[in-house]
1. Please tell me the relative contact order of region B:7-52 in percent, rounded to the nearest whole number, where contacts are Cα pairs under 8 Å and at least six residues apart.
2. For region B:27-130, count the residues as N, evaluate 2.2 N^0.38 Å, and divide the Cα radius of gyration by that value, please.
3. Could you work out the pair-distance distribution P(r) of chain B from its alpha-carbon pairs, with 5 angstrom bin width and percents rounded to whole numbers?
4. Take every residue in peptide A:49-57, count the Cβ atoms of other chains within 10 Å of its Cβ, and give the average of those counts.
5. Within a 10 angstrom radius of the beta carbon, how do B:Met1, B:Met211 rank from fewest other beta carbons to most?
6. Report, as an integer, the average count of C-beta atoms from other chains found within 10 Å of each Cβ along A:15-21.
7. Can you tell me the FRET efficiency between B:Glu5 and B:Ser98 if r is taken as the Cβ-Cβ distance and R0 is 22 Å, rounded to the nearest 0.05?
8. Return the calculated 222 nm mean residue ellipticity for chain B, to the nearest 500 deg cm²/dmol, obtained by summing -39500 (n - 2.57) across DSSP H runs with n ≥ 4 and dividing by the residue count.
Amino acid sequence: MKVSIVINQQRYDTEVASNMLLVDFIRDVAKLKATNVGCDTTTCGACTILLNGESVKSCTILAVQADGADIVTLEGLYTGDGTLHPVVQAFGRSHGLQCGFCTSGMVMAAVSLLSSVADGQVLTEDEIRNGLEGNLCRCTGYQNIVNAVKLAQDLLIAGDNIIS
Amino acid sequence: MILSEFTYKKPKSLEEALDLLSDTDDSKIIAGGQSLIPLMKMGLTGFEQLVDISQITDLKSVKVVDDFVEIGSMVRHCDLENYDVIVSRLPILIKIASQIGDPQVRHRGTIGGAIAHGDPASDLAGCFVALKGSVVLSNKKGIREISANDFYKGFLETGLNDDEIIVSIKFPLNFRDAEFFKVSKRAQDWAISGLVTAKFKDELNLGLISMGSTTLGVSVRISDLYDNFESTFESIESVCSPTQDIYATKNFRFHLLRVFLRGYMNKHPI
């Protein structure tokens, strides 16, 4: 089937099999390897990306379902001007990762979570933990990940940054 | 990965979708796909044709009709809180839907998909049964409505026929004291046991989660529950047939149900 999917502002018009998963499209067709396949059972969240601005697990979506969608992966957070996205900065500064396998999914889940917050609202630690419920870190590095999301929230509020 | 191949169609209208369903004997509707795709990956199910109904805008509306809120089957879990009428009249539904899976799943999963899946551990199905909801089904010949209690037949088995699509889910608004109880082992996990209650006049209607091969509904008289708890509990127990698995024994599931009911009674003393 023919699909047209925009990933990180680049359009991919191509023919795919109906049973191809979106994560495989991202990794094998678009050759963007930051998005990982962890469990492949909708549990671990390593394949989390933004689909039309919202976090989803790309292992549980068919590429054909994403026809016409606008997708952002971890690579898409880099603007190319040498500065890192505030959420990425915060993960680095808070040491919000150990082995790094879950990180791209964690960052994308955090970006979605922080962009869903209404103006003036500040997420509590509990809300952050609930918001990251769909992402597993097998290094058990949750404390620093939560710290990273808190710091990212502070950076965004201070810098008046809009996450896209 | 999904091994089996299938034909994929994305109709723009309900009529077109119903035509596609009648074209082949082995078609399946895909809504958000958050239960269906995992099952297909595990090789537990496969179809000749998948009909994706996500482009049918008629299935995404929420409206109040008489004393019911009618929610289009393709309304996603994450969208429910955006409707004032659901926030004000069905807060129990938001409480439950906001705990389904995780944010990623709620961005894809739909109320119609969850109801149609018929998982005995579905919290949303428990709510649907407790609140005495109904499903509106459409096929090429017309529309029919089935009550929640009649809809669930067995493990992943519902009253939905192969040529039908769930158009909407209706929830009545004449209930009070809706409560939700659930015990699960981990974040994003299914209920080991769960209960949704809704009071209708002098009856308490119960939606029992993970207490049998499908979602169960039982109605008890409020006076019986408070005055003769043990015998009333026995009558509830008699309709349940919970499984024993690595998470809980049958008796532990009954114990949880007893704790949930006591919790309801403590919160709503007569």
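1. The value is 58 percent.
2. 1.08
3. Result returned by the calculation: 1, 6, 13, 17, 19, 16, 12, 8, 5, 2, 1, 0.
4. What the average comes to for A:49-57 is 4.
5. B:Met1, B:Met211
6. Values: counts 0, 1, 4, 9, 12, 3, 4.
Mean partner-chain Cβ count within 10 Å for A:15-21: 5.
7. After rounding to 0.05, the efficiency reads 0.05.
8. That comes out to -8500 deg cm²/dmol.
No lab work stands behind these numbers, since they all come straight from the coordinates. Fair warning: this is a prediction, and the values are worked out from it, not measured in the lab. Note: ideal-geometry Cβ built from the backbone for every residue, glycine included; neighbour counts use all protein chains shown.
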